[in-house]
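Below: one structure, written as structure tokens.
The values are calculated or read from the model by the stated rules, or taken from the named source; none is laboratory data. Quick caveat: nothing in here was measured; it's all calculated off a predicted structure. For neighbour counting, all protein chains shown are included, and Cβ atoms are generated from backbone atoms with ideal geometry for every residue, glycine included. Side chains included, ligands, DNA and RNA excluded: accessible areas come from the protein's heavy atoms. Shrake-Rupley method; radii C 1.70, N 1.55, O 1.52, S 1.80 Å.
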There are 2 protein chains.
Amino acid sequence: MAERNLQTVRDLRRSNRSLLLRRLYFGGPLSRQDLIHTTSLSAASVSNVIADLIEDGLVVEAGALESEGGRPRILLRVNSSALHVVGVDVGETRVRVELFDLDLEQLAATDLPLDAGGFTAPEVAARIRTGLETVLADERPGGPALLGIGIGVPGVVQHSPDAVVHGQTNGWDAVPLERMLREFTDLPLFIDNGAVTMGQAEMWFGAGRGSRNTVVALIGSGVGASVVTAGSPYRGSTSSAGEWGHTTVQVGGRRCRCGSRGCLEAYIGAESVIARYLETVDDPAVRDAPDEESALAALLARADSPAARTVLDDTAVHIGAGVANLINLFNPERIVIGGWAGLLLGAGLLPRIRETAREYALHHPFSQTRITLGDLGPDAVTRGAATLPVDRFLAAGGSRPRVETAQPAPAAGR
Amino acid sequence: MAERNLQTVRDLRRSNRSLLLRRLYFGGPLSRQDLIHTTSLSAASVSNVIADLIEDGLVVEAGALESEGGRPRILLRVNSSALHVVGVDVGETRVRVELFDLDLEQLAATDLPLDAGGFTAPEVAARIRTGLETVLADERPGGPALLGIGIGVPGVVQHSPDAVVHGQTNGWDAVPLERMLREFTDLPLFIDNGAVTMGQAEMWFGAGRGSRNTVVALIGSGVGASVVTAGSPYRGSTSSAGEWGHTTVQVGGRRCRCGSRGCLEAYIGAESVIARYLETVDDPAVRDAPDEESALAALLARADSPAARTVLDDTAVHIGAGVANLINLFNPERIVIGGWAGLLLGAGLLPRIRETAREYALHHPFSQTRITLGDLGPDAVTRGAATLPVDRFLAAGGSRPRVETAQPAPAAGR
DNA sequence: TGGGTTGAATCACGCCTTGAAATAAGTCCG
DNA sequence: CGGACTTATTTCAAGGCGTGATTCAACCCA
């Protein structure tokens, strides 16, 4: 079962609606002719399906192209104000809730701080509730309907079938977040790991745009990766794929906070980089920095000192080797380095990272891969979260998801 | 474009034929009722489509189930003698050609040795030609048609659109193997990497059976892996994914024959294991063994000696760490360790490998993964190669592939 | 032998995509 | 300014498909 999305003649229409909707969504305004030529659908069908979509208010005309001797082509685009969607980022220090239109342009936003040092699931749920009320305050009853709520959380999310969150760092153990949120909203919920949503944001709007096999490496205090294969996030059998940070790059090496040894994170995670630096020099500017972000910035400001130089070069080498592993295993078109620390470090170290990756990767796949920094910055989690309902919307050919079936993906596995 | 396999109402039928055919092929004899209940197709459609398949000679009745008070269910199965298929294994020392029926039971086989030390593409092509003539000698003109030829080769295979082979070890550089074979056969050709075909054999008939996300690790003289995601082999953007052997497990570590340092292959490949042993002890039984296989066997026979024990334990640790990396990145249901050296080493080292993998992998994904040895032995490459045409056949709902479109897979990429 | 039960085939219906033909909306040129 | 031409879009009839309801088939049990 599962897998199969087409059985009746009616699914055919849904599939073709989805196809055209996707083209228009990602391909900007296009004429019917463009659609005819790039989809191998017949002109009759394109015309027919588009008429449907226009009638449903999902597609609107957007001017016309200069005539080239005949009837001019009319441009079409997705009606971005037809629907709104909510994105939520559950971070370590705050919950952020944003409202978007269908194009994922921000319409409203609010930040709700969490008490420092640990937070419980009910606290998070309460913040989400408040945030929702805030951003939805201006929504008119007759206005655009809400497509759903996408939520990026730290930790592994399992859908079985309700989303349950396992967070190693925050001590969440099988938190039934979906059920908890269900108590105050009937909107479709799409809950996924924050790294995945962040990666999806880079894929849709950032450095991964236009590629289909890409790994978004996320370097923050910890290290993760979002692997996109064949255009959609790869989750593995139980949604915990992409744990790049805990792959071993040094058998028997440095102790990692996960308990293992030689993990990549123990060399390139911001926490580790700072710790390694402070092991060699006692630099007050770094040691006494108010938070990790400023500590790393302070370290980078010292980049000319021998101690900093050594640690940073070693960091670049390890990032490069880790990237090489991704290249060898996934053979992606692009590697996007993101996360706040990744962006901070990458700014100066990218050439060295590329160089090391070239040394450690096989020649052929390396030559097929572009290594770049992320475009979006770390606040893209909310936007990425909002892509989840939109993706489902596009997959369904523009029919709104029913609450009971709302899940981020056709979860792999049997 | 690409991706899309359903547009017209006719593709629907093909898709449903494919669905039922697949169930019957992998699920053994099944009744129409079984199909109705497991596919969510209507009874009418199952009946109708099956009638089609029976008329085409692809499905036959296979007895009936005991009645339970009403009309008994008739069992159906794929008619394994309806079509034949050829599998070819291009190895380092010989070309093996085998003829199979649709169930991939061997009907004929032949081995054609290659001159030791390097072989050219024309030589290989000539062997394949001879082998084909041999195994097809007994085929009657009116008998089962040939579905095609599946070929497993060493090296990276690119389809662009004709299969071109890049072999790092044998010096093949962009060899247009498909075009060369096309000169003496019109049969559909399906060329892919031998590790991939081997992995597919384990997936269809061996230790990977029934799973959808599995990594088949192949340890021979060199080291590779065949990654299966969502039920089909993952190839990456240019078909060179799964280069597990050259992932770095020791930054700045042992020199590898690929030119890099600290590659997994430099620790666990048979060649490296033997070399590392001989670096510590000069053991004539190992040093003077006629080939690598007997050398490794000789080393294993010495497993009680301190020197061998040290090397073997270190090998197990590195295999375990490598496996842990696969688990962390892919979160598979199973890891299957195969390849001749993998089977040889695994026989004794599997407990230690599992133990190390547990240490190095994250707890959650590790607990979801079963680590086993391969079931099939190293000669499964031909059978795996033969799965390629069969897979295409099943995907096409039982219509024979046309020559010009014969390619192993819906190649990833845009 | 005949009622009961379950499996399989048939049929009318509604929906789908398609190629061909018709229509719409421009340009070009005299 | 108007007719010929060109290109885009829509309309239409035809051919297919899966489905639910109905009918037919095959077996059990008494």
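At a glance:
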read-out	value
Relative contact order of chain B, pairs being alpha-carbon contacts under 8 Å that are 6 or more residues apart, as %	17
Computed magnitude of the charge dipole of the range B:9-78 (debye, nearest 20; Cβ of K, R +1, Cβ of D, E -1)	240
Share antiparallel - DSSP beta bridges, chain A, percent rounded to 5	65
Virtual spin-label span in nm between A:Leu278 and B:Ser47, 7 Å along Cα→Cβ	7.6
Cα-centred dipole magnitude for the range A:208-373, charges only on beta-carbon of K, R (+1) and D, E (-1), debye, nearest 20	640
Area accessible to solvent at A:Asp111, 1.4 Å probe radius, in Å²	80
Most mobile listed residue (B:Pro233, B:Pro351, B:Pro389) in chain B, GNM with C-alpha springs under 10 Å	B:Pro351
Heavy atoms of A:Glu359 accessible to a 1.4 Å probe, total area in Å² rounded to 10	100
Per residue solvent-accessible surface (Å²) - the protein assembly as shown, probe of 1.4 Å	40
Rounded to 5, the percent of DSSP beta bridges in the range A:208-373 classed as antiparallel	55
Accessible-area order (highest first, 1.4 angstrom probe) of the listed residues A:Glu271, A:Glu68	A:Glu68, A:Glu271
Amide N of the range B:362-379 lying under 19 Å from the label point, which is placed 7 angstrom from the Cα of B:Glu92 along Cα→Cβ	B:377-379
10 Å Cβ neighbours from other chains, averaged over peptide A:352-363	3
Debye log10 I(q)/I(0) at q = 0.25, 0.27, 0.30 Å⁻¹ for the range A:326-386, Cα point scatterers	-1.02, -1.09, -1.20
For B:Gly253, residues with placed amide H under 5 Å, excluding near neighbours	B:Gly262
Gyration tensor over alpha-carbon atoms, the range B:208-373, equivalent ellipsoid semi-axes in Å	27, 17, 15
Heavy-atom accessible area order for A:Trp172, B:Trp340, largest first, 1.4 Å probe	B:Trp340, A:Trp172
Förster radius 45 Å - calculated FRET efficiency between A:Gln168 and B:Ser81, Cβ distance, rounded to 0.05	0.25
Mean separation of Cα contacts under 8 Å, 6 or more apart, over the residue count of the range A:9-78: relative contact order %	35
Check: chain B dipole with +1 on Lys, Arg Cβ and -1 on Asp, Glu Cβ, in debye	1400
Relative contact order computed over the range A:303-369 (Cα-Cα under 8 Å; 6+ residues apart), in percent	48
Shortest-first nm distances, B:Arg287 label point to equivalent points in other copies (7 Å, Cα→Cβ)	5.6
Cα-based convex hull volume of chain B per residue, rounded to whole Å³	169
At least 15 Å along the helix axis (C-alpha) and Kyte average at least -1.0, DSSP helices within chain B	B:9-27, B:43-55, B:121-136, B:194-205, B:270-280, B:306-330, B:340-360, B:380-395
Order of exposure, largest accessible area first, which applies to B:Thr372, B:Thr134 with probe 1.4 Å	B:Thr134, B:Thr372
Among B:Ser45, B:Pro72, B:Ala62 the positive-end extreme of the charge dipole of the range B:9-78 (Cβ point charges)	B:Ser45
Evaluated at q = 0.06, 0.07 Å⁻¹: base-10 log I(q)/I(0), Debye formula over Cα of the protein assembly as shown	-0.42, -0.58
With all protein chains modelled, accessible area of A:Asp89 [1.4 Å, Å²]	20
FRET E, pair A:Glu183, A:Asp375, Förster distance 45 Å, beta-carbon r, rounded to 0.05	0.75
Once the Cα gyration tensor of the range A:9-78 is diagonalised, semi-axes √(5λ) in Å	20, 13, 11
Charge-dipole axis of chain B as Lys and Arg at +1 and Asp and Glu at -1 on Cβ define it, positive-most pick from B:Pro284, B:Ala126, B:Leu102	B:Leu102
Estimated distance in nm for a label pair at B:Ser40 and B:Arg22, the labels positioned 7 Å out from Cα along Cα-to-Cβ	1.4
For the protein assembly as shown, share of DSSP beta bridges that run antiparallel, in % to the nearest 5	65
